Amino acid sequence: MCGGFACSRNALIALNSLYIIVALILIIVPPVAKSSAYVSSMYIVGGIIACGIFLFAVAIVGLVGALKHHQVCLFFYMVILFLVFLIQFGVSIACLALGNEQRVQLVEASWNHSSIETKSDIQRGLNCCGFTEDDQTHPPCTKVPCCKEKNCTTCPKCKEAMDKMFDQGLHYSGGVGLFFSFTELIGVWLAVRYRNQKDPRANPSAFL
């Protein structure tokens, strides 16, 4: 029966196996991007790797709890996962509900607080040169494709390109985050249900 002990156990194992795969992707991809010169900022690489390690640790706790029916592991797993759900759900809703003015402020703050290496990555990735017409502090645009083909003064400015990218990114990340937040809620529900079920293979007189 789907609501039984075995079903809850297998569902938790499958869910945490998925989280482990996602965590390994988050851990492996940033160093590859760094070595391939797609991303040069160590802060971005380190932040993504840290998120992957955290997700991996939570998934391991959930996997151990599911395999061994460990009450303590399952308790900490569902508490941490519920806190992550609250944070991720709130951030996802904020991303989807962000207005044009707030997005422009976010774009400007992102550019102003970015390092020279990150600004260079933005210019190469978005094929733009400088944030606005009045920006005189941007990195050199010699490696930007539009500067190689024509005069750099004809290159588009990064403010418009970043605004478009942020608009798409916020909608995509908000939608994906909202989807994964519900999988986390399902994980909490499965952990609570599984924790309160008795293993049919165990001693009938034993405590849960």
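The values are calculated or read from the model by the stated rules, or taken from the named source; none is laboratory data. Since we're looking at a predicted model, the values are computed, not measured. Note that each Cβ is placed from the backbone with ideal geometry, even for glycine, and that neighbours are counted across all protein chains shown.
The table below lists the values:
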| quantity | calculated |
| --- | --- |
| Identity of the residue in the range 128-168, under 31 Å from the mean Cα position of the chain (by Cα) and of a type in the set (K, R), that ends up nearest to V104 (Cα to Cα) | K159 |
| Condition check for S110: surrounded by 13 or more Cβ atoms within 10 Å (Cβ to Cβ), without any contact (Cβ under 8 Å) to a residue 60 or more places away in the chain, within 30 Å of L81 (Cβ to Cβ) and not basic (K, R) | yes |
| V79 modelled with pLDDT of 90 or more, over 30 Å from S115 (Cβ atoms) and exposed (fewer than 14 other Cβ atoms within 10 Å of the Cβ) | yes |
| One residue from F179, F131 being out of contact with any His (no Cβ under 9 Å at 6 or more places or on another chain) and of a type in the set (F, W, Y) | F179 |
| Helices (runs of 4 or more DSSP H) fully within the range 66-150 counting 2 or more residues that are of a type in the set (S, T, N, Q) and closer than 26 Å to V176 by Cα | 71-97, 100-112 |
| Residue within the range 127-147 that is in contact with a helix residue (DSSP H, G or I) (Cβ under 8 Å, 6 or more places away or on another chain) and among the acidic types (D, E) present | no |
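Condition check ((1) at pLDDT 85 or above; (2) outside any helix (DSSP H, G or I)) across all residues:
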residue	(1), (2)
T153	no, no
P156	no, yes
G169	no, no
S173	no, no
L185	yes, no
W189	yes, no
Y194	yes, no
Q197	no, yes
